[in-house]
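Trainee: Below are the C-alpha coordinates for one structure; questions will follow.
The values are calculated or read from the model by the stated rules, or taken from the named source; none is laboratory data. From a predicted model like this one, the values you see are computed outputs, not experimental measurements. Positions of Cβ are backbone-derived with ideal geometry, glycine not excepted, and every protein chain shown enters the neighbour counts. We work out accessible area using only protein heavy atoms, side chains counted, and drop any ligands, DNA or RNA first. Shrake-Rupley method; radii C 1.70, N 1.55, O 1.52, S 1.80 Å.
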Amino acid sequence: MGLEAFMKQDSNREKVERIFQRGVRVIYEEAFSFLSSDSLLMDKLLAMDKIPSEITSTFLHNLKNNTYVAEKDDLFQNNTKLDGQKYRALKTYLNWDPVTPGNFISHFTYRYRALSQLLWKRPQMKNTISISQISRIKTREELSIIGMVRNIRENKDGRRFLTVEDLSGSITILIPTTIPERGDIVCDEVIGIKGFPGTGGGILFANAIFFPEITPITWPVGERPYAVFISDLHVGSKKFMVELWERFISWLKEHKEVKYVFIAGDVVDGVGMYYKQNEHLDIETVEEQMEVFAKYMKQIRHDVKIFVISGNHDPNRDSEPQPVFPEVFGKPLKKIDNLEVYSNPSWIDVEGINILMYHGTSFDGVIDAIESIRNNAYHRPYLAQIQLLKKRHLSPIFGKNKIFPDKQDFMVINKVPHVFHTGHIHNVSLSSYKGVKLVSSGTFQNITDFQEKLGHEPTPGQFIVMNLSDGNSKIIDFSRIQ
Ligand SMILES: [Fe+2]
(Lines give C-alpha, C1' and ligand atoms only; values in the text may rest on other atoms or scores of the structure.)
Protein backbone atom coordinates (compact mmCIF):
# COMPACT_ATOMS: atom_id res chain seq x y z
CA MET A 1 0.00 0.00 0.00
CA GLY A 2 1.32 3.46 -0.88
CA LEU A 3 1.70 6.08 1.83
CA GLU A 4 -1.17 8.18 0.53
CA ALA A 5 -3.56 5.20 0.44
CA PHE A 6 -2.33 4.14 3.86
CA MET A 7 -3.15 7.51 5.46
CA LYS A 8 -6.59 7.59 3.80
CA GLN A 9 -7.70 4.73 6.00
CA ASP A 10 -9.21 6.15 9.20
CA SER A 11 -7.76 3.44 11.45
CA ASN A 12 -4.23 4.08 10.19
CA ARG A 13 -4.56 7.84 10.49
CA GLU A 14 -5.84 7.44 14.03
CA LYS A 15 -2.87 5.20 14.96
CA VAL A 16 -0.38 7.70 13.53
CA GLU A 17 -2.04 10.48 15.54
CA ARG A 18 -1.79 8.33 18.67
CA ILE A 19 1.93 7.84 18.04
CA PHE A 20 2.48 11.61 17.86
CA GLN A 21 0.36 12.13 20.98
CA ARG A 22 2.84 9.87 22.82
CA GLY A 23 5.59 12.49 22.47
CA VAL A 24 7.02 11.32 19.14
CA ARG A 25 8.46 14.26 17.31
CA VAL A 26 9.73 12.83 14.06
CA ILE A 27 9.01 9.74 11.98
CA TYR A 28 11.62 9.66 9.26
CA GLU A 29 10.41 8.99 5.71
CA GLU A 30 11.99 5.55 5.36
CA ALA A 31 10.67 4.58 8.79
CA PHE A 32 7.19 5.74 7.85
CA SER A 33 7.20 3.58 4.70
CA PHE A 34 8.33 0.62 6.80
CA LEU A 35 5.63 1.28 9.39
CA SER A 36 2.88 1.64 6.79
CA SER A 37 3.74 -1.76 5.35
CA ASP A 38 3.50 -3.61 8.65
CA SER A 39 0.37 -3.13 10.76
CA LEU A 40 1.62 -5.50 13.47
CA LEU A 41 4.69 -3.33 13.90
CA MET A 42 2.48 -0.27 14.32
CA ASP A 43 0.61 -2.05 17.14
CA LYS A 44 3.89 -3.17 18.70
CA LEU A 45 5.09 0.43 18.67
CA LEU A 46 1.91 1.68 20.34
CA ALA A 47 2.22 -1.02 23.01
CA MET A 48 5.61 0.32 24.15
CA ASP A 49 5.80 1.98 27.60
CA LYS A 50 7.96 4.75 26.26
CA ILE A 51 8.22 5.48 22.54
CA PRO A 52 11.44 7.20 21.43
CA SER A 53 10.97 10.78 20.31
CA GLU A 54 12.47 10.12 16.87
CA ILE A 55 11.48 7.04 14.92
CA THR A 56 14.10 5.77 12.51
CA SER A 57 14.04 2.69 10.30
CA THR A 58 16.91 1.17 12.35
CA PHE A 59 14.82 1.50 15.50
CA LEU A 60 11.83 -0.16 13.75
CA HIS A 61 13.98 -3.04 12.50
CA ASN A 62 15.28 -3.58 16.04
CA LEU A 63 11.74 -3.39 17.41
CA LYS A 64 10.49 -5.90 14.86
CA ASN A 65 13.35 -8.28 15.62
CA ASN A 66 13.07 -7.72 19.39
CA THR A 67 16.60 -6.34 19.50
CA TYR A 68 15.68 -2.84 20.66
CA VAL A 69 17.16 -1.91 24.04
CA ALA A 70 15.50 1.05 25.74
CA GLU A 71 17.87 3.75 26.88
CA LYS A 72 17.95 3.85 30.66
CA ASP A 73 17.87 7.23 32.33
CA ASP A 74 19.36 5.99 35.54
CA LEU A 75 22.52 4.04 34.77
CA PHE A 76 24.32 5.84 37.56
CA GLN A 77 21.54 5.57 40.05
CA ASN A 78 22.27 4.07 43.42
CA ASN A 79 18.73 3.92 44.64
CA THR A 80 19.41 2.27 47.96
CA LYS A 81 16.37 1.39 50.00
CA LEU A 82 15.72 3.26 53.20
CA ASP A 83 15.97 0.07 55.32
CA GLY A 84 15.41 1.86 58.60
CA GLN A 85 17.73 4.70 57.57
CA LYS A 86 16.20 8.09 57.02
CA TYR A 87 18.29 8.92 53.98
CA ARG A 88 19.32 7.38 50.68
CA ALA A 89 21.25 8.41 47.59
CA LEU A 90 18.64 9.02 44.90
CA LYS A 91 21.31 9.48 42.28
CA THR A 92 25.04 9.32 42.81
CA TYR A 93 27.87 8.75 40.37
CA LEU A 94 29.95 5.58 40.44
CA ASN A 95 31.84 5.44 37.15
CA TRP A 96 35.65 5.29 36.93
CA ASP A 97 35.71 3.72 33.43
CA PRO A 98 38.10 5.28 30.88
CA VAL A 99 36.61 7.48 28.19
CA THR A 100 36.43 6.40 24.53
CA PRO A 101 35.95 8.67 21.47
CA GLY A 102 32.45 7.24 20.95
CA ASN A 103 31.48 8.57 24.37
CA PHE A 104 31.32 12.14 23.08
CA ILE A 105 28.56 11.34 20.59
CA SER A 106 26.55 9.41 23.18
CA HIS A 107 27.13 12.14 25.77
CA PHE A 108 25.76 14.97 23.64
CA THR A 109 22.96 12.85 22.18
CA TYR A 110 21.88 11.98 25.72
CA ARG A 111 22.04 15.65 26.72
CA TYR A 112 20.01 16.69 23.67
CA ARG A 113 17.37 14.00 24.20
CA ALA A 114 16.99 14.57 27.96
CA LEU A 115 16.65 18.35 27.65
CA SER A 116 14.55 18.37 24.48
CA GLN A 117 12.05 16.06 26.18
CA LEU A 118 11.62 18.71 28.88
CA LEU A 119 11.13 21.41 26.25
CA TRP A 120 8.56 19.41 24.27
CA LYS A 121 6.33 19.38 27.33
CA ARG A 122 6.07 23.16 27.18
CA PRO A 123 2.88 24.43 25.47
CA GLN A 124 4.89 26.92 23.39
CA MET A 125 6.81 24.04 21.84
CA LYS A 126 3.75 22.19 20.56
CA ASN A 127 4.46 22.53 16.84
CA THR A 128 8.13 21.67 16.99
CA ILE A 129 9.73 20.22 13.89
CA SER A 130 13.23 18.92 13.22
CA ILE A 131 15.77 21.27 11.62
CA SER A 132 16.01 19.20 8.43
CA GLN A 133 12.28 19.70 7.84
CA ILE A 134 12.58 23.51 7.67
CA SER A 135 13.98 23.56 4.13
CA ARG A 136 11.02 21.49 2.93
CA ILE A 137 8.42 23.94 4.23
CA LYS A 138 6.98 26.02 1.44
CA THR A 139 4.93 28.54 3.44
CA ARG A 140 6.50 31.15 5.67
CA GLU A 141 4.67 30.18 8.85
CA GLU A 142 5.87 30.43 12.44
CA LEU A 143 7.50 27.22 13.66
CA SER A 144 9.51 25.92 16.61
CA ILE A 145 12.67 23.93 16.82
CA ILE A 146 14.75 22.56 19.69
CA GLY A 147 18.48 22.79 19.26
CA MET A 148 21.80 22.56 21.02
CA VAL A 149 23.79 25.79 20.71
CA ARG A 150 27.00 25.15 18.80
CA ASN A 151 28.26 28.74 18.68
CA ILE A 152 27.21 32.33 19.37
CA ARG A 153 28.28 35.45 17.47
CA GLU A 154 27.21 39.03 18.01
CA ASN A 155 27.20 41.82 15.45
CA LYS A 156 27.75 45.53 16.09
CA ASP A 157 24.08 46.36 16.70
CA GLY A 158 23.74 43.70 19.42
CA ARG A 159 21.86 41.10 17.36
CA ARG A 160 23.06 37.56 17.95
CA PHE A 161 23.59 34.78 15.49
CA LEU A 162 23.49 31.27 16.86
CA THR A 163 24.28 28.02 15.15
CA VAL A 164 22.07 25.36 16.68
CA GLU A 165 21.79 21.69 15.85
CA ASP A 166 19.50 18.79 16.50
CA LEU A 167 19.84 15.14 15.51
CA SER A 168 18.83 15.95 11.92
CA GLY A 169 20.95 19.00 11.04
CA SER A 170 21.96 22.54 11.92
CA ILE A 171 20.69 26.06 11.21
CA THR A 172 21.58 29.71 11.84
CA ILE A 173 19.27 31.58 14.21
CA LEU A 174 19.03 35.34 14.30
CA ILE A 175 18.15 36.58 17.78
CA PRO A 176 16.97 40.21 17.69
CA THR A 177 17.73 42.70 20.46
CA THR A 178 14.03 42.59 21.47
CA ILE A 179 14.54 39.18 23.12
CA PRO A 180 15.72 40.04 26.64
CA GLU A 181 17.17 36.60 27.45
CA ARG A 182 19.51 36.66 24.44
CA GLY A 183 22.49 37.39 26.74
CA ASP A 184 21.63 34.36 28.89
CA ILE A 185 22.21 31.85 26.07
CA VAL A 186 25.42 29.84 26.41
CA CYS A 187 27.16 27.32 24.16
CA ASP A 188 26.22 23.63 24.39
CA GLU A 189 22.90 24.21 26.12
CA VAL A 190 19.61 23.03 24.63
CA ILE A 191 16.97 25.68 23.96
CA GLY A 192 13.65 26.00 22.21
CA ILE A 193 13.28 28.64 19.48
CA LYS A 194 10.13 30.00 17.90
CA GLY A 195 10.40 32.01 14.72
CA PHE A 196 9.94 32.39 10.99
CA PRO A 197 12.17 30.64 8.45
CA GLY A 198 14.02 32.70 5.88
CA THR A 199 13.88 31.90 2.17
CA GLY A 200 15.63 28.61 1.48
CA GLY A 201 15.40 27.48 5.10
CA GLY A 202 19.02 28.33 5.98
CA ILE A 203 18.10 30.81 8.69
CA LEU A 204 15.40 31.17 11.33
CA PHE A 205 14.39 34.63 12.55
CA ALA A 206 13.61 34.07 16.23
CA ASN A 207 10.84 35.89 18.04
CA ALA A 208 11.02 33.90 21.29
CA ILE A 209 13.42 31.52 23.00
CA PHE A 210 12.72 29.03 25.78
CA PHE A 211 14.91 27.30 28.34
CA PRO A 212 14.01 23.81 29.61
CA GLU A 213 13.14 25.40 33.00
CA ILE A 214 11.90 23.74 36.17
CA THR A 215 8.31 23.25 37.22
CA PRO A 216 7.36 24.65 40.67
CA ILE A 217 7.89 22.23 43.53
CA THR A 218 6.10 22.05 46.88
CA TRP A 219 7.58 21.07 50.23
CA PRO A 220 6.30 17.69 51.48
CA VAL A 221 4.37 17.92 54.76
CA GLY A 222 6.07 16.21 57.72
CA GLU A 223 7.92 16.67 61.01
CA ARG A 224 11.65 16.65 60.47
CA PRO A 225 14.79 17.86 62.28
CA TYR A 226 17.12 20.69 61.26
CA ALA A 227 20.03 20.58 58.82
CA VAL A 228 23.14 22.73 58.47
CA PHE A 229 24.73 23.47 55.09
CA ILE A 230 28.44 24.26 54.96
CA SER A 231 31.30 23.90 52.46
CA ASP A 232 34.81 24.99 51.48
CA LEU A 233 36.71 24.26 54.67
CA HIS A 234 40.04 24.20 52.80
CA VAL A 235 41.77 22.28 55.57
CA GLY A 236 45.53 22.54 55.05
CA SER A 237 45.44 26.16 53.90
CA LYS A 238 47.14 28.76 56.09
CA LYS A 239 43.86 30.67 55.73
CA PHE A 240 41.74 27.88 57.28
CA MET A 241 40.06 29.58 60.26
CA VAL A 242 40.23 27.00 63.00
CA GLU A 243 38.57 29.35 65.52
CA LEU A 244 35.44 29.45 63.31
CA TRP A 245 35.41 25.67 63.16
CA GLU A 246 35.62 25.46 66.96
CA ARG A 247 32.70 27.89 67.29
CA PHE A 248 30.73 25.80 64.82
CA ILE A 249 31.38 22.63 66.85
CA SER A 250 30.32 24.38 70.09
CA TRP A 251 27.17 25.70 68.41
CA LEU A 252 26.29 22.19 67.16
CA LYS A 253 26.70 20.82 70.71
CA GLU A 254 24.06 23.28 71.92
CA HIS A 255 21.64 22.84 69.00
CA LYS A 256 20.44 19.29 69.41
CA GLU A 257 17.64 19.90 66.87
CA VAL A 258 20.27 19.68 64.09
CA LYS A 259 20.59 16.11 62.87
CA TYR A 260 22.21 16.58 59.45
CA VAL A 261 25.29 18.42 58.18
CA PHE A 262 25.82 18.78 54.41
CA ILE A 263 29.31 19.67 53.15
CA ALA A 264 29.47 20.71 49.48
CA GLY A 265 33.15 20.10 48.74
CA ASP A 266 36.60 21.69 48.97
CA VAL A 267 37.04 19.95 52.30
CA VAL A 268 40.82 20.36 51.92
CA ASP A 269 42.99 22.88 50.06
CA GLY A 270 44.80 20.19 48.05
CA VAL A 271 48.31 20.49 46.64
CA GLY A 272 49.59 21.73 43.27
CA MET A 273 46.34 23.51 42.51
CA TYR A 274 48.15 26.62 41.34
CA TYR A 275 51.69 28.01 41.05
CA LYS A 276 53.49 28.16 44.40
CA GLN A 277 50.44 26.93 46.35
CA ASN A 278 52.82 25.28 48.82
CA GLU A 279 53.69 28.75 50.15
CA HIS A 280 50.05 29.08 51.27
CA LEU A 281 49.81 25.67 52.92
CA ASP A 282 50.06 24.66 56.55
CA ILE A 283 49.81 20.98 55.66
CA GLU A 284 51.81 20.04 52.60
CA THR A 285 50.48 16.60 51.67
CA VAL A 286 46.92 15.88 50.67
CA GLU A 287 46.91 12.60 52.64
CA GLU A 288 47.67 14.52 55.81
CA GLN A 289 45.09 17.18 54.93
CA MET A 290 42.46 14.43 54.64
CA GLU A 291 43.56 12.96 57.99
CA VAL A 292 43.09 16.36 59.64
CA PHE A 293 39.74 16.89 57.91
CA ALA A 294 38.63 13.49 59.27
CA LYS A 295 39.73 14.60 62.74
CA TYR A 296 37.47 17.66 62.46
CA MET A 297 34.58 15.50 61.29
CA LYS A 298 34.93 13.34 64.41
CA GLN A 299 34.32 16.47 66.51
CA ILE A 300 30.77 16.71 65.15
CA ARG A 301 28.13 15.20 67.48
CA HIS A 302 27.83 11.49 66.77
CA ASP A 303 24.06 11.61 66.43
CA VAL A 304 24.41 14.02 63.48
CA LYS A 305 24.61 12.48 60.01
CA ILE A 306 27.25 14.11 57.79
CA PHE A 307 27.12 14.10 53.98
CA VAL A 308 30.29 15.01 52.08
CA ILE A 309 30.94 15.55 48.37
CA SER A 310 34.14 16.60 46.58
CA GLY A 311 35.09 20.02 45.24
CA ASN A 312 37.74 21.06 42.74
CA HIS A 313 40.42 21.34 45.48
CA ASP A 314 39.83 17.82 46.80
CA PRO A 315 41.88 14.73 45.87
CA ASN A 316 39.64 13.33 43.18
CA ARG A 317 39.32 13.30 39.40
CA ASP A 318 39.48 16.93 38.26
CA SER A 319 36.62 16.54 35.78
CA GLU A 320 32.99 16.39 36.82
CA PRO A 321 31.07 14.36 37.78
CA GLN A 322 33.54 13.43 40.49
CA PRO A 323 33.00 9.97 42.00
CA VAL A 324 33.60 9.38 45.72
CA PHE A 325 37.18 9.93 46.91
CA PRO A 326 39.62 7.27 45.69
CA GLU A 327 40.39 4.71 48.42
CA VAL A 328 43.87 6.08 49.12
CA PHE A 329 42.55 9.53 50.06
CA GLY A 330 39.09 8.65 51.40
CA LYS A 331 40.42 6.05 53.89
CA PRO A 332 40.34 8.29 57.00
CA LEU A 333 36.65 9.10 56.37
CA LYS A 334 35.66 5.44 56.10
CA LYS A 335 36.26 5.01 59.81
CA ILE A 336 33.60 7.59 60.69
CA ASP A 337 30.26 5.83 61.17
CA ASN A 338 28.05 8.90 60.95
CA LEU A 339 29.60 10.18 57.71
CA GLU A 340 28.59 9.35 54.12
CA VAL A 341 30.66 10.32 51.09
CA TYR A 342 28.80 10.78 47.82
CA SER A 343 29.74 11.94 44.34
CA ASN A 344 29.81 15.52 43.14
CA PRO A 345 27.00 16.09 42.21
CA SER A 346 24.54 13.85 44.06
CA TRP A 347 20.81 13.82 44.68
CA ILE A 348 20.08 12.69 48.24
CA ASP A 349 16.72 11.92 49.80
CA VAL A 350 16.66 12.88 53.47
CA GLU A 351 13.36 12.10 55.18
CA GLY A 352 11.47 12.79 51.94
CA ILE A 353 13.37 15.96 51.04
CA ASN A 354 15.34 15.77 47.81
CA ILE A 355 18.65 17.59 48.20
CA LEU A 356 20.87 18.27 45.22
CA MET A 357 24.47 18.76 46.33
CA TYR A 358 26.85 20.20 43.77
CA HIS A 359 30.18 21.86 44.50
CA GLY A 360 29.68 24.58 41.87
CA THR A 361 32.90 24.51 39.84
CA SER A 362 30.94 25.37 36.68
CA PHE A 363 29.86 28.70 38.20
CA ASP A 364 33.04 30.49 37.07
CA GLY A 365 32.36 29.77 33.39
CA VAL A 366 28.61 30.32 33.66
CA ILE A 367 28.95 33.66 35.48
CA ASP A 368 31.48 34.85 32.92
CA ALA A 369 29.27 33.84 29.96
CA ILE A 370 25.89 35.20 31.14
CA GLU A 371 25.54 38.95 30.86
CA SER A 372 22.69 39.39 33.33
CA ILE A 373 24.64 37.87 36.23
CA ARG A 374 28.26 38.63 35.28
CA ASN A 375 28.67 41.57 37.64
CA ASN A 376 26.76 40.35 40.66
CA ALA A 377 26.69 36.54 41.00
CA TYR A 378 29.93 36.36 43.03
CA HIS A 379 28.09 38.35 45.68
CA ARG A 380 24.74 36.66 45.08
CA PRO A 381 25.51 33.05 44.08
CA TYR A 382 21.78 32.23 43.97
CA LEU A 383 21.67 34.08 40.61
CA ALA A 384 24.00 31.45 39.14
CA GLN A 385 22.01 28.66 40.81
CA ILE A 386 18.81 29.94 39.14
CA GLN A 387 20.50 29.92 35.73
CA LEU A 388 21.49 26.26 36.15
CA LEU A 389 17.95 25.34 37.15
CA LYS A 390 16.51 27.16 34.12
CA LYS A 391 18.97 25.37 31.86
CA ARG A 392 18.32 22.08 33.74
CA HIS A 393 22.06 21.45 33.61
CA LEU A 394 24.78 21.78 36.25
CA SER A 395 27.60 22.55 33.82
CA PRO A 396 26.12 23.63 30.49
CA ILE A 397 29.26 24.95 28.74
CA PHE A 398 31.34 21.92 27.79
CA GLY A 399 35.04 22.63 28.27
CA LYS A 400 34.70 25.80 30.37
CA ASN A 401 34.51 23.44 33.31
CA LYS A 402 36.16 20.06 32.85
CA ILE A 403 33.49 17.45 32.16
CA PHE A 404 34.07 13.73 31.88
CA PRO A 405 32.20 12.67 28.71
CA ASP A 406 30.28 9.65 29.93
CA LYS A 407 27.85 7.88 27.62
CA GLN A 408 25.13 9.61 29.62
CA ASP A 409 25.29 13.17 30.83
CA PHE A 410 25.08 12.99 34.62
CA MET A 411 25.02 16.79 34.94
CA VAL A 412 21.50 17.07 33.48
CA ILE A 413 19.04 18.09 36.22
CA ASN A 414 16.45 15.40 35.48
CA LYS A 415 14.83 15.68 38.88
CA VAL A 416 13.90 19.03 40.43
CA PRO A 417 15.21 19.10 44.02
CA HIS A 418 13.63 20.70 47.09
CA VAL A 419 17.03 22.05 48.10
CA PHE A 420 19.89 23.03 45.79
CA HIS A 421 23.10 23.24 47.84
CA THR A 422 26.32 24.57 46.32
CA GLY A 423 29.67 25.97 47.49
CA HIS A 424 32.74 27.11 45.53
CA ILE A 425 31.93 30.85 45.52
CA HIS A 426 32.83 31.20 49.25
CA ASN A 427 29.93 33.60 49.62
CA VAL A 428 26.80 32.77 51.57
CA SER A 429 23.38 33.30 50.00
CA LEU A 430 19.90 32.04 50.68
CA SER A 431 17.01 32.36 48.27
CA SER A 432 14.32 30.33 46.56
CA TYR A 433 13.20 29.79 43.00
CA LYS A 434 9.86 28.18 42.09
CA GLY A 435 9.83 26.48 45.49
CA VAL A 436 13.43 25.24 45.36
CA LYS A 437 15.49 26.44 48.34
CA LEU A 438 18.75 27.84 47.02
CA VAL A 439 21.57 27.37 49.50
CA SER A 440 25.04 28.68 48.81
CA SER A 441 27.16 27.95 51.83
CA GLY A 442 30.10 30.08 52.84
CA THR A 443 33.58 29.01 53.78
CA PHE A 444 35.97 28.40 56.67
CA GLN A 445 38.82 29.94 54.67
CA ASN A 446 39.76 33.59 55.08
CA ILE A 447 40.04 35.72 51.96
CA THR A 448 43.02 34.71 49.80
CA ASP A 449 45.29 37.06 47.83
CA PHE A 450 43.84 35.64 44.61
CA GLN A 451 40.25 36.38 45.69
CA GLU A 452 41.28 39.86 46.79
CA LYS A 453 42.78 40.54 43.34
CA LEU A 454 39.54 39.42 41.65
CA GLY A 455 37.49 41.67 43.92
CA HIS A 456 35.63 38.76 45.53
CA GLU A 457 34.31 39.21 49.05
CA PRO A 458 34.07 35.81 50.77
CA THR A 459 31.90 35.40 53.84
CA PRO A 460 33.88 33.08 56.13
CA GLY A 461 31.90 31.67 59.01
CA GLN A 462 28.41 32.22 57.55
CA PHE A 463 26.31 29.11 57.05
CA ILE A 464 22.71 28.09 56.50
CA VAL A 465 20.48 26.34 59.02
CA MET A 466 17.26 24.85 57.68
CA ASN A 467 14.19 23.42 59.34
CA LEU A 468 13.56 20.37 57.17
CA SER A 469 9.89 20.31 58.29
CA ASP A 470 9.02 23.37 56.22
CA GLY A 471 12.23 24.56 54.55
CA ASN A 472 12.44 27.74 56.63
CA SER A 473 16.08 28.74 56.78
CA LYS A 474 18.37 31.39 58.11
CA ILE A 475 21.99 32.45 57.84
CA ILE A 476 24.07 32.06 61.00
CA ASP A 477 27.18 34.21 61.20
CA PHE A 478 29.75 32.33 63.29
CA SER A 479 32.27 35.08 62.75
CA ARG A 480 30.19 37.17 65.18
CA ILE A 481 29.57 34.41 67.76
CA GLN A 482 32.20 34.48 70.52
FE1 LIG B 1 36.60 26.50 47.65
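Trainee: State the volume of the convex hull built on the alpha-carbon positions of the stretch 123-210, expressed per residue in Å³ and rounded to an integer.
Mentor: Looking at the stretch 123-210, the number lands at 89 Å³ per residue.
Trainee: Compute the accessible area per residue over the stretch 247-315, keeping the other protein chains in place, probe 1.4 Å, unit Å².
Mentor: Here the per-residue accessible area is 43 Å².
Trainee: Continuing with this model, one more query. What part of the accessible area of the chain, given as a whole %, is carbon or sulfur when the probe is 1.4 angstrom?
Mentor: Reported share for carbon and sulfur atoms: 51 percent.
Trainee: What's the magnitude of the charge dipole for the chain around its Cα centre, counting Lys and Arg as +1 and Asp and Glu as -1 at the beta-carbon? Answer in Debye, nearest 20.
Mentor: Its charge dipole is roughly 1100 debye.
Trainee: For the stretch 374-424, rounded, prolate or oblate, judged on the Cα gyration tensor with a ≥ b ≥ c (square roots of eigenvalues), a/c < 1.5 rounded, else prolate if a/b > b/c?
Mentor: Judged from the Cα gyration tensor, the stretch 374-424 comes out oblate (a/c at least 1.5, b/c at or above a/b).
Trainee: A follow-up question, please. As an exercise, identify the GluC sites (Glu not before Pro) in the stretch 95-171 lying in DSSP coil whose Cβ has no more than 15 other Cβ atoms within 10 Å.
Mentor: Glu141, Glu142
Trainee: Which value, to two decimals, describes the C-alpha radius of gyration of the stretch 3-64 once divided by 2.2 N^0.38 Å?
Mentor: Computed over Cα atoms of the stretch 3-64, the ratio equals 0.99.
Trainee: Using heavy-atom solvent-accessible surface (probe 1.4 Å) with all chains present, what is the largest-first order of Thr448, Thr58, Thr422?
Mentor: Thr58, Thr448, Thr422
Trainee: List the pairs from Lys238/Lys259; Lys239/Lys437; Lys126/Lys194; Lys64/Lys415; Lys305/Lys335; Lys194/Lys390 whose alpha-carbon separation is above 21 Å, in the order I gave them.
Mentor: Lys238/Lys259; Lys239/Lys437; Lys64/Lys415
Trainee: Heavy atoms of the protein only, probe of 1.4 Å, neighbouring chains included. What is the accessible area of His418 in Å², nearest 10?
Mentor: 20 Å²
Trainee: Order the peptides 296-304, 224-232 from the highest to the lowest mean number of other Cβ atoms within 10 Å of their residues.
Mentor: With the highest mean Cβ count within 10 Å placed first, the list reads 224-232, 296-304.
Trainee: Just to confirm the filter: which trypsin sites (Lys or Arg not before Pro) across the stretch 409-446 are DSSP coil and have at most 16 other Cβ within 10 angstrom of their Cβ?
Mentor: Those satisfying the criteria are Lys415, Lys434.
Trainee: Taking +1 at the Cβ of each Lys and Arg and -1 at the Cβ of each Asp and Glu, which of Leu388, Ser319, Ser343 sits farthest along the dipole of the chain towards its positive end, judged by Cα position relative to the Cα centre?
Mentor: Leu388
Trainee: Which Rg and Dmax, in Å, describe the Cα atoms of the stretch 334-431?
Mentor: Considering the stretch 334-431 through its Cα atoms, Rg and Dmax are 14.1, 46 Å.
Trainee: For Ser37 and Trp96, what does the FRET efficiency come to when R0 = 56 Å and r is the distance between their Cβ atoms, rounded to the nearest 0.05?
Mentor: 0.75
Trainee: Determine by what factor the alpha-carbon radius of gyration of the stretch 265-321 differs from 2.2 N^0.38 Å, reporting the quotient.
Mentor: 1.24
Trainee: A follow-up question, please. Normalised by the residues of the stretch 272-391, what does the relative contact order come to in percent, with Cα pairs under 8 Å and at least six apart?
Mentor: Relative contact order, the stretch 272-391: 19 percent.
Trainee: For Arg480 and Phe196, compute 0.36 nm times the residue count separating them, minus their Cα-Cα distance, and round to one decimal in nm.
Mentor: 96.4 nm
Trainee: Go through Met290, Met241 and list them by solvent-accessible area, largest first, probe radius 1.4 Å.
Mentor: Met241, Met290
Trainee: Another question about this same structure. Which percentage, to the nearest 5, of the DSSP beta bridges contained in the stretch 349-482 is antiparallel?
Mentor: Antiparallel: roughly 55 percent of the beta bridges in the stretch 349-482.
Trainee: Take the Cβ-Cβ distance between Leu174 and Ser106 as r, set R0 to 30 Å, and report the resulting FRET efficiency rounded to the nearest 0.05.
Mentor: 0.45
Trainee: Per the Kirkwood definition applied to all pairs of different Cα atoms, how many angstroms is the hydrodynamic radius of the chain?
Mentor: With all distinct Cα pairs of the chain included, I get 24.5 Å.
Trainee: On to the next question. Could you order Ser135, Ser53 so the one with the most accessible surface comes first? Probe is 1.4 Å.
Mentor: The residues order as Ser135, Ser53, largest area first.
Trainee: If you don't mind, there's one more thing I want to ask. How far apart, in nm, are the 7 Å Cα→Cβ label points at Asn375 and Phe205?
Mentor: 3.2 nm
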